[in-house]
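The values are calculated or read from the model by the stated rules, or taken from the named source; none is laboratory data. Given the structure is predicted, the values throughout are model-derived calculations rather than measurements. Cβ atoms come from the backbone with ideal geometry, glycine included; neighbour counts cover every protein chain shown. Side chains are part of the model used for accessible areas, which takes the heavy atoms of the whole protein and leaves out ligands, DNA and RNA. Shrake-Rupley method; radii C 1.70, N 1.55, O 1.52, S 1.80 Å.
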Amino acid sequence: MLIALLLLPTLSATPALAGADEPAYAGDDTALARLDNGVQLLGGNVQSPDGVTSGFRLTAGLSPHDLPSFDFGAEIRYRESNDVPVTGATRDTLLDTTSLGGSLLAGVRFGAFGLYAKSGLAGWQGKAASGHAPELSQGGMTRVNGFGARLDFDNDWVSRLEVERVDDPALEHLNMITASVHLPF
């Protein structure tokens, strides 16, 4: 009941409040294609500031015509990390990891402001880069959760904030907080 009351203003939003054609979760990813049925494909590279992790993500989503201020999508992420310092049971070691994950996305736009959340799973494999480390996990499945916000200024500037958390101690290096401001020209 409480959730329905909180969503009531959103459900009554008019198409004029829907904002830009970009979904709430669209950030600096490149628009790859827009299909006739309304599905939009976005893609982009992922790299950590320290250069340890690189990869890509591909997102497909749509904004239903009946609910123009809502965005729904799915995201696939691939990440590869080399020489990540991990504290084991007996000593510090370096770990190389590869992960492949997917998340479902849901967002809502209020004019130029958009909020979204994501939840999914990631499978990963790892190996010690510096010798044998039996105390470290060699892989598995873990949850991935995140949320974000996007704000458009005068249809020129776009600011974005995203937080993504991977729920496994061996993959702490994949937890990300990204903030950006974009000015298309």
Query raised in the report: Taking the stated definitions as given, is L105 part of a strand (DSSP E or B), of a type outside the set (F, W, Y), in contact (Cβ under 8 Å) with a residue 60 or more places away in the chain and touching a strand residue (DSSP E or B) at 6+ places or on another chain (Cβ under 9 Å)?
Result: yes
Query raised in the report: Do we find that T97 is closer than 16 Å to S137 by Cα, modelled with pLDDT under 90, of a type in the set (S, T, N, Q) and not in a strand (DSSP E or B) in this structure?
Result: no
Query raised in the report: Taking segment 150-180 as the search range and keeping residues that are open to solvent by 50 Å² or more (accessible area, probe 1.4 Å) and more than 24 Å from Y78 (Cα to Cα), which one is modelled with the highest pLDDT?
Result: L151
Query raised in the report: Hey, any hits in segment 74-86 for a residue that's at pLDDT 80 or above, closer than 22 Å to H182 by Cα and under 24 Å from the mean Cα position of the chain (by Cα)?
Result: yes
Query raised in the report: Here are some conditions: (1) modelled with pLDDT of 75 or more; (2) over 17 Å from the mean Cα position of the chain (by Cα); (3) open to solvent by 40 Å² or more (accessible area, probe 1.4 Å); (4) under 24 Å from F153 (Cα atoms). A106 meets all but one. Which one does it not meet?
Result: (2)
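Kindly evaluate K127 against the criterion of being over 28 Å from P68 (Cα atoms) and either assigned to a strand (DSSP E or B) or modelled with pLDDT of 90 or more (or both). First the steps, then the outcome.
Working: over 28 Å from P68 (Cα atoms): yes; either assigned to a strand (DSSP E or B) or modelled with pLDDT of 90 or more (or both): yes.
Yes, satisfied.
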Query raised in the report: Can you spot a residue in segment 74-88 that is among the hydrophobic types (A, V, I, L, M, F, W, C) and over 28 Å from A24 (Cβ atoms)?
Result: yes
Query raised in the report: Name the residues in segment 40-75 that are under 23 Å from A112 (Cβ atoms) and not in a strand (DSSP E or B), would you?
Result: S63, P64, H65, D66, L67, P68, S69
